[in-house]
Structures are given as structure tokens and as C-alpha cells.
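Have a look at the structure below before the remarks.
The values are calculated or read from the model by the stated rules, or taken from the named source; none is laboratory data. Note that the structure is a prediction, hence the values are computed from the model and not measured. Here the Cβ is made from the backbone with ideal geometry for all residues, glycine too, and neighbour counts use every protein chain on show. SASA here: full protein model, heavy atoms, side chains in, ligands and nucleic acids out. Shrake-Rupley method; radii C 1.70, N 1.55, O 1.52, S 1.80 Å.
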Amino acid sequence: MPRHFLLIVSLFAFTLMSSSGAFSQEQEKQQEILTQNKENETNSDLTSKKALKTPAKKTIAIQAPVALEQQHKDDIKHYLQEGEIKPLLAGPDDFITLIKESNTANSKGVAILLADWQQTATSPKGLNYLRITLPDQGWTTISIQPPSKPENYPSQALKIIEQQEENLASISAYQLKLSAIMKTVMEKAQEYPGIFIVVVEGSHGAILTDLYQQEKNTPPNALILLSSYMFNYEANQQYASALAQTNFPVLDLYLMRDHPLALSSAKLRLSQAKKEMKAFYRQQQLTNLSSSYYPKEALLLAIKGWLTSIGW
């Protein structure tokens with residue numbers, strides 16, 4: 001067979017093989033494209049179905065929490081008998097009092113009970129026990145639901161001068177509100193016979209003492225303090241000095257297990273009362289098991305014994 005004929009046959013075979021390989025590659029590419037298109041269509045269908053099944057998100061309005069003072073008022077109206085609750089007005093603002101009249105034939109007077117701020121008029125630390133028990137001892141009790149603690153008190157400012165200015169502004173504004181409340185309660189107390197005493201918790205002892213010293217409110221016949229203190233050393237010093245200069249009798253009670261500021265403030269008041277030789281001042285520590293909670297019988301006994309000692 002001639003050599004050039006073999007060469008032609010070889011070239012022809014090679015051409016056929018190359019064409020077959022290229023055709024196979026082209027088929028594979030087309031198959032890959034078809035497969036990818038199907039996958040894309042499937043994913044698109046699934047996404048569309050999910051979109052149809054999933055409802056559109058609704059915007060939910062989150063309401064601000066109810067103020068603590070309002071919570072206390074709502075609780076009092078819900079849990080206590082309607083006959084005990086006496087709403088009063090101090091200027092344009094209303095507030096709640098709880099009144100329990102004396103259960104004895106001879107009434108001694110009125111005991112005004114003021115809980116610390118952030119507490120309820122039925123404070124379980126000791127005032128609620130007095131509210132229920134004192135009427136059996138001849139006292140009409142008027143328990144006050146106190147206003148909320150001033151915002152930004154004590155001040156968190158970095159500079160001491162700024163702290164003092166902000167604290168003074170907060171307390172001054174709060175004093176105006178508390179002064180109006182106490183005037184209204186005093187007018188209500190005049191409806192009952194006898195003397196009147198004030199039993200006050202925590203920081204309200206210092207605020208009321210300042211109001212009495214400035215003659216913005218009529219002072220009581222006697223003031224009973226329960227774990228009284230302010231939130232910084234300077235304020236407690238001023239409080240001790242003001243209390244020592246008052247003319248009305250003071251029973252200053254605190255606990256063995258009490259707030260650290262109540263313990264340190266009590267020492268300042270006792271020292272200042274001795275320095276000023278204040279008459280009718282007695283300070284007494286009561287032994288308690290639960291921190292900041294007064295032992296009921298011991299509290300009542302301390303108050304009765306002191307009132308008897310000063311002639312009531």
C-alpha cells in the first residue's frame with residue numbers, strides 16, 4: 001500500500017477522534033447548564049413558597065413601665081377595703097391616705113405615718129403594724145402614700161460642687177411637694193381630738209425636720225424616727241444639727257441590723273443632741289432578725305414607753 005495513502009487514512013482517523021471528543025465536551029457543558037438552571041428554578045420556587053407562608057412582621061409598640069408610685073396606688077385600691085382609703089388633694093395633685101380611727105372610748109390623738117420614698121403606705125418594715133395596732137391603743141392613724149423619690153438623687157455628677165447643686169435642687173423641689181401633702185394631712189388631722197405625732201421612715205425624717213425647722217409646716221407634738229438617714233455624709237451632718245435644734249420631743253429608733261447609713265447617721269444625731277443638750281430626745285437600738293425590719297412587739301413597746309415617759 002502506498003505510503004501517502006496510509007498518511008491520509010491516519011489524518012482522517014485523528015480528525016474523527018478530535019471531533020468526537022469536542023462533541024462529548026460540548027454535551028457535558030450543556031448538561032451542566034441544564035442542571036444548574038433546574039436547581040435555580042427549584043430554589044426560586046422554595047423561596048417563593050416560604051415568602052407566602054411567612055407572615056409579614058408587625059411592629060409592636062413597647063410601652064414604658066408603670067411608675068412605682070402608681071403601682072403602689074393601684075395595689076392599695078385593689079387589696080384594701082374602700083372605706084380605709086381616703087384620697088386627698090395637695091394643690092393640683094392628689095394622693096392617697098389610709099385612715100383607721102381609734103377603737104377606744106378615750107382618744108389620745110392622731111398618729112401620722114409616713115413611709116420612706118419608694119415604699120408603700122402599708123410598708124411591712126414596721127409602719128403597717130403600727131397602722132393596724134395603734135387604733136387599739138387610742139390613736140387614729142393616717143398613713144400617707146409618699147411621692148416617688150426625686151430623679152437623679154443622689155447626684156452622679158463627677159464634680160463635688162455639681163453634686164451639691166443638683167442634690168439641693170432635687171431636694172428643694174421634693175420638699176415643696178411633701179410640704180403641701182403634710183399641710184393637707186394636718187388639716188385632716190384636726191377633725192380628730194387629741195394631740196398628733198408623726199412616725200416617719202428613712203430619708204423623710206431629715207426632710208420633715210428641715211421643713212419644721214424652717215417653719216414651713218406645723219411641727220408635731222412628738223416625732224418618731226425609724227432608721228432615719230440621708231445619702232451622703234454632709235447631708236447627715238446637716239440633718240443631725242437641725243434635729244438637735246428642734247423644740248419638740250424626738251424618739252430616734254434604729255436597728256441592730258440596719259442600713260449602714262442609718263447606723264452611721266444615728267451616731268451623728270446622738271452626738272449632736274448631747275452637744276446641744278436637746279431636751280426630750282431618746283435614741284434606742286432595737287434587736288432584729290431580718291435586716292431593716294422592725295420587731296413588731298418591741299417597736300410598739302418602745303413607742304408606748306416613750307410616750308408615757310413624756311406624759312402621753
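Hey, among T218, T209, which residue is out of contact with any His (no Cβ under 8 Å at 6 or more places or on another chain), among the hydroxyl-bearing types (S, T, Y) and open to solvent by 60 Å² or more (accessible area, probe 1.4 Å)?
One residue alone meets the criteria, T218.
Yes/no matrix, rows are residues, columns are (1) among the β-branched types (V, I, T); (2) over 14 Å from L208 (Cβ atoms); (3) modelled with pLDDT under 95:
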| residue | (1), (2), (3) |
| --- | --- |
| K149 | no, yes, yes |
| L158 | no, yes, yes |
| E162 | no, yes, yes |
| S170 | no, yes, yes |
| L178 | no, no, no |
| A189 | no, yes, no |
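Quick check on the stretch 192-205. Is at least one of its residues surrounded by 20 or more Cβ atoms within 10 Å (Cβ to Cβ) and acidic (D, E)? Lay out the reasoning, then the answer.
First, pick out the residues of the stretch 192-205 that are surrounded by 20 or more Cβ atoms within 10 Å (Cβ to Cβ): 196-205.
Right, trim to acidic (D, E) and you get 201.
The answer is yes; a qualifying residue exists.
Name every residue in the stretch 250-300 that is touching a Pro at 6+ places or on another chain (Cβ under 9 Å), under 23 Å from R131 (Cβ atoms) and open to solvent by less than 80 Å² (accessible area, probe 1.4 Å), in order of residue number.
L255, L286, N288
Go through the stretch 199-236 and report how many residues are part of a helix (DSSP H, G or I) and at pLDDT below 95.
Residues in the stretch 199-236 being part of a helix (DSSP H, G or I) and at pLDDT below 95: 4 in total.
Would you point out the residue of the stretch 84-124, among those that are part of a strand (DSSP E or B) and in contact with a Gly (Cβ under 7 Å, 6 or more places away or on another chain), that is surrounded by the most Cβ atoms within 10 Å (Cβ to Cβ)?
Only one residue fits best here, namely V110.
Residues checked against (1) under 18 Å from L225 (Cβ atoms); (2) without any contact (Cβ under 8 Å) to a residue 60 or more places away in the chain; (3) basic (K, R):
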site: G126; (1), (2), (3): yes, no, no
site: D136; (1), (2), (3): no, yes, no
site: E151; (1), (2), (3): no, yes, no
site: E162; (1), (2), (3): no, yes, no
site: I171; (1), (2), (3): yes, yes, no
site: L176; (1), (2), (3): no, yes, no
site: K188; (1), (2), (3): no, no, yes
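Would you confirm whether any residue within the stretch 283-294 is in a helix (DSSP H, G or I), over 25 Å from V185 (Cβ atoms) and in contact (Cβ under 8 Å) with a residue 12 or more places away in the chain? Before you say what the answer is, go through the steps one by one.
Start the filter on the stretch 283-294 by keeping residues that are in a helix (DSSP H, G or I), which leaves none.
Within the stretch 283-294, none of the residues are in a helix (DSSP H, G or I), over 25 Å from V185 (Cβ atoms) and in contact (Cβ under 8 Å) with a residue 12 or more places away in the chain.
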